[in-house]
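Novice: Quick one: the structure is below, questions incoming.
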Amino acid sequence: MSGRIRFISRLIFSLAISVGGYFIFYQTIQELWRAKVSAGWPTVKGQITSSFIQENKGRWVTYSPQISYRYSVNGAALEGSVIGYGQHGWGAYTESRDKAADKIAQYPLNQTVVVYYDPQTPSRSCLEPEKNDFSVYFDLCLGGLMMTLGPICAKYAYHRFNQEYRFSKKK
């Protein structure tokens, strides 16, 4: 592989790391912001329409509580499934079926619940406002690290290409 092709592939790799980091960072900031502002959202009564544990099989088995609820805002019937913003990681996907069962036990079928909804987008709602789990901060750090590593890798690729180019010119 020529030096120029190696340089370009390293730049593309660096760009992919940076873009991925920006995406993770942006999504995590949105989750944190929604978790924070959801505490101030108006509330309505809702009803649990489904409540079960989803088994996720992969390299290892994890369990996630799946809850759906129905509520009404200004006469419009709406449905939601977000337990809480900022709970997308280790709190929502656990290796312990018992932890998922504990969350499901809080929301049995047909139970009346308090639903927090976004007044500007009433279809955006949650049951547990302003509750974050540790994984949100892990994702924030991961995104920040990737955003930092991308330019560092690009700079390394540039210097490496520059050295190889100069070295090949001297021969």
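No value in this document is a laboratory result; all are computed from the given coordinates. Just so you know, these numbers come straight off a predicted model, no measurement behind them. We place every Cβ from the backbone using ideal geometry, glycine too, and count neighbours over all the protein chains shown.
Novice: Return the distance in nm (one decimal) between the two label points of a simple spin-label model at VAL37 and GLN111, each offset 7 Å from Cα along Cα→Cβ.
Specialist: The answer from the label model is 2.8 nm.
Novice: Hey, got a sec? Which chymotrypsin sites (Phe, Trp or Tyr not before Pro) in region 38-73 land in a DSSP loop and have at most 14 other Cβ atoms within 10 Å?
Specialist: On the way: sites: PHE52, TRP60, TYR63, TYR69, TYR71; in loops: TRP60.
Here the sparse-neighbourhood loop sites are TRP60.
Novice: Next question, about the same structure. Kindly flag which residue pairs out of LYS45/LYS103; LYS45/LYS99; LYS57/LYS131; LYS36/LYS99 have an alpha-carbon separation exceeding 22 Å in this structure.
Specialist: Long pairs (Cα-Cα over 22 Å): LYS45/LYS99; LYS57/LYS131; LYS36/LYS99.
Novice: Let me ask another. Multiply the residue separation of ILE53 and SER72 by 0.36 nm, subtract the distance between their alpha-carbon atoms, and state the gained length in nm to one decimal.
Specialist: Working: separation 19, 0.36 × 19 = 6.84 nm, distance 2.54 nm.
Working it through step by step, the gained length comes to 4.3 nm.
Novice: Pop the C-beta distance of TYR22 and ASP98 into the FRET formula with R0 = 25 Å and round what comes out to the nearest 0.05.
Specialist: Numbers: r = 37 Å, r/R0 = 1.48.
Efficiency, from the Cβ-Cβ distance: 0.10.
Novice: Need one number: nm distance between label points at GLU164 and SER2, each 7 Å from Cα along Cα→Cβ, rounded to one decimal.
Specialist: Here the answer is 1.2 nm between the modelled labels.
Novice: Another question, then. Using θ = phi - 60° and the Karplus relation 6.51 cos²θ - 1.76 cosθ + 1.60, list the HN-Hα couplings for region 69-75 in order, rounded to whole Hz, with x at every Gly or Pro.
Specialist: Residue by residue, region 69-75 yields 8, 10, 8, 10, 10, 6, x Hz.
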